[in-house]
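The values are calculated or read from the model by the stated rules, or taken from the named source; none is laboratory data. Remember, it's a predicted structure, so these values are computed and weren't measured experimentally. Methodologically, a virtual Cβ is constructed for each residue, glycine included, from the backbone with ideal geometry; neighbour enumeration extends over all protein chains shown.
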Amino acid sequence: MTFRQFAFRNIVRNKRVYVAHFLSSSFSVMIFFIYALLLFHPNLQGELASTSITISKLGMMAMKASQYIIFTFSFFFCMYSVSAFLKARKREFGILMVQGMSPKQLHQLLFMENMMIGIASIIVGIVTGVVFSKLILLVSASVLFIRNGLPFYLPWQAVSLTALAFIVMFLVVSLLTSRLVKTNQLIELIRSADKPKPEPKASVWLALLSIVLIVAGYASVFYFALREQSPYILLACVILTVTGTYFLFTQLSVYVLRLLRSRRGLLLRKTNLLVLSELGYRMRDNAVMFFMVAVVTAVSFTGIGTSFALLNPGLAAMENPYAFTYSSHNNNTFEAKHWKMIEQELEQAGFAYESAKITAINTTDGQALLKLSDYNRLAEMLGYPTESLSDPNEVILSPSRVSQQTQFKQKIMIPETVTIGHMDWKYDMKVKKAATAIVYTHNEHVIVVPDDLLERGLHGEGVNAYTPTYIQFVVKDWEYSQDVAQRIEASLQKDYNNREYMFYFESLVTHWLTSKQENGIVLMVSVLIGIVFFTFAASFLYFRLYTDLDRDRQHYNMIAKVGLSRKEMGRVVTVQFMFMFFLPFLIAVIHSSVAFMALQQLVSYSVLQASILIFISFAAVQFAYFIGIRWRYLRNLTRAM
């Protein structure tokens, strides 16, 4: 038997341990290959570029950034998994060295084993990606809203890039991990599995600190959403929450288990002695792993949920509630003709609509003065309550941005009086209220004033000549008005060449479809990365369970001799597994739920459905994984008994 054959048979003999590492590595290779497949697809670049050069650049940048993220995370994942396997095989390495294997040969053996697994993962990952490449292109075309679709092509560039990148990665991992085993202490290697474990300890102050940090992190994200949308606040939220989560698993969980063990009535009931004792050791040994699983899973949930929320048509309507906006400047004589043409197109297409012509005064102070009658007309079209002004010196503040709307809803920083002025006149007006409905979006500072105020303050038509006029259209089911918008734009294009007249047409559906393509890129990137992260998180659990399997066999075999039944053993293992599988998952759900609640404060449509769908989907996968691993683990323990 050659040395290479010996390395191969070592992998085969330990296939139970290495299978999660192999499958997760293959999966990360496949996802990396998918990004490369899309990155080099000739039609994809053309389709995106034809829609928008900005979107094309965004798509390419997103694909490249995703590859860097997956590659970097795959590197650390492989380092962690291989190092976990090496610790579990220390006794085996000690026996090999007793039988005459030199340290150099041991390093060579580990290098060959890692490279064999790595090359096999690359082959399986690329082949799987090629097999499903047509399906991937169909799904990608749907997500990116590419009408002509993405034809199949031979992705040689993608294959070459993926193979080269991961060969280099596995080569570096193999070189590093082969040096992790210290061969100068042979006795330590042989006795590594027989060392008694120290009693799990935790600090009550660090346990309390974990709660304080997590609460502070939650408070920060709501402060970010409600008060000050600063990236530094969001960064502080992430740091506080991640740090608090680390201490939650390393300190608080161990401390709580120690308190439970101190209650003799609870400890001596049925199999609680075994459950609580084992959980204490498992939490102490696997705290960092649980922390990583919780954080990675929370990132996956939040990223995917946010991306789904961005695809909602309510996002576009929240910024601009009007399906069509026609703006007219400088005595545009085409205005009546174009207004009638737009209405005819909508009527021919069978859309129910309402329209209104609005003229607001843009003052020299940077304010937009909107007549109360115009405001009420727009509010009625949008289904909002109308307003009234009983005092001629009263005004109403109207939000034009989502951030202003949030501020007005919470009645934050609303002045009691405002000064409005234009050219040589000024008025100090009392603020009656701040409205919460966005009805006018063409100026950052919108003030609703009595109709006669403009007559009192503005004289002559010279001022009005430079005031733009807006014709706003509210269209039911505007999401399906793309064809109408294209016909209107084609008709208006005939009059654009006349420089004397100025007008501009904007359609919400065009903006929404462009936004959907941008957010579709984000969704595809976040979903694939989220799935990779979730797969790695599940693999972490698998590694830790199966590296401790031999010790657990001996442990339960000894307890079985003093009366532990298989049913009781199954109950103990089930409780421990539920704690290990679902505690990090629960913490991730809580973190993500807080993030979704903060996101809800920033948007006017519901994100509840998307967040619940994500939680249920991942919970179903996690539960199926729990059932499968539990069944297989119990079967291995039963054989030992």
For the subset of the stretch 219-249 comprising residues that are hydroxyl-bearing (S, T, Y) and part of a helix (DSSP H, G or I), which member is farthest from L586 (Cα to Cα)? Y232
Out of S140, S192, S160, S220, I need the residue that is modelled with pLDDT of 85 or more, of a type in the set (G, A, S) and over 30 Å from V402 (Cα atoms). Which one? S160
Determine, yes or no, whether I590 is in a helix (DSSP H, G or I), touching a residue at least 12 places away in the same chain (Cβ under 8 Å) and under 13 Å from F301 (Cα atoms). no
I'm trying to understand the selection: among the residues of the stretch 604-623, which are more than 20 Å from F579 (Cα to Cα) and in contact with a helix residue (DSSP H, G or I) (Cβ under 6 Å, 6 or more places away or on another chain)? S604, Y605, V607, A610, S611, I614
